[in-house]
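Written out below as structure tokens is the structure these notes cover.
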Amino acid sequence: MTFYRQDDGRHEIAAAYSERLVPWLFTHWADRLIDLARPGGSAEVIDLACGTGLITGALLARLDDGARVHSVDLDPAALAYASAAFSDDRVSWHEADASQLPCESSTADVVVCNQGLQFFPDRPAVSAEVLRVLRPGGRLALAVWGTLAANPWPAAMAAAIGDALGEEARRASGTLGLSKAPCCALKTCSTTKALMTF
Ligand SMILES: C[S@@+](CC[C@H](N)C(=O)[O-])C[C@H]1O[C@@H](n2cnc3c(N)ncnc32)[C@H](O)[C@@H]1O
């Protein structure tokens, strides 16, 4: 596949993220997150901050023909990678901010978000948006890292990056989680309270 070699490197970053980091850091969490979300075979699901499509792909393997997945991310390069990797009529791909979801109100059975929450600058706005799009009784399931102190692998990676590239790079690579989360929090809730309490 050559599609990700067409521009200034963003597509190569998306490919490297998906092929190197995702298998190491995230793949083993995907089914656990979906188990928590319990979407049901024909559910309407939003994959919030879908990145290169790990969770969307795992959802598709478990959903029926009538299901719909709306996969949303800010990054067009990640979406390009994801839509090529998981081409499926049940998915629609949206380049959008999590605080302005391109989805009808009260339509989603489940919102899933794997390692996106910590990057949203305005979590109350995202929380309100998740609440708007969920049907009454709908569920939000999210995974988010805690601090480096609770995560030895990423801490070692941040230290190595710091050794090679300096303090600024170390600090940037060390801001991966939220201080109130443990090592890695998997949460589900019927309201969006979890977004506000991390
Ligand atoms: C660590 S990646 C996780 C991606 C994916 N969920 C996965 O499991 O591989 C975080 C993602 O959040 C996206 N993101 C960050 N801020 C966002 C926002 N405000 N709205 C939508 N997506 C956002 C990034 O573009 C990136 O793809």
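Bear in mind these aren't lab numbers, they're just calculated from the coordinates by the rules spelled out. Computed from a predicted structure; not experimentally measured. Positions of Cβ are backbone-derived with ideal geometry, glycine not excepted, and every protein chain shown enters the neighbour counts.
Taking first residues from region 31-51 that are within 15 Å of Leu134 (Cα to Cα) and partners that are hydroxyl-bearing (Ser, Thr, Tyr) and within 12 Å of the ligand (Cβ to nearest atom), the Cβ contacts under 6 Å between residues at least 6 apart in sequence or on separate chains come to Asp47/Thr56; Asp47/Ser71. Out of region 92-109, which residues are more than 13 Å from the ligand (Cβ to nearest atom), under 20 Å from Gly57 (Cβ atoms) and surrounded by fewer than 16 Cβ atoms within 10 Å (Cβ to Cβ)? Answer for region 92-109, where residues must be more than 13 Å from the ligand (Cβ to nearest atom), under 20 Å from Gly57 (Cβ atoms) and surrounded by fewer than 16 Cβ atoms within 10 Å (Cβ to Cβ): just Ser92.
Number of residues in region 111-164 that are surrounded by fewer than 17 Cβ atoms within 10 Å (Cβ to Cβ) and within 17 Å of Leu36 (Cα to Cα) equals 1. Quick one: Leu21 ticks every box in (1) in contact (Cβ under 8 Å) with a residue 24 or more places away in the chain; (2) near the ligand (Cβ under 10 Å from one of its atoms) bar one, so which box is it? Checking Leu21 against (1) in contact (Cβ under 8 Å) with a residue 24 or more places away in the chain; (2) near the ligand (Cβ under 10 Å from one of its atoms), the one that fails is (1). Looking only at residues that are more than 13 Å from the ligand (Cβ to nearest atom) and either within 16 Å of the chain's Cα centre (by Cα) or hydroxyl-bearing (Ser, Thr, Tyr) (or both) in region 70-91, which one is farthest from Arg10 (Cα to Cα)? Restricting to residues being more than 13 Å from the ligand (Cβ to nearest atom) and either within 16 Å of the chain's Cα centre (by Cα) or hydroxyl-bearing (Ser, Thr, Tyr) (or both), the top hit is Val91.
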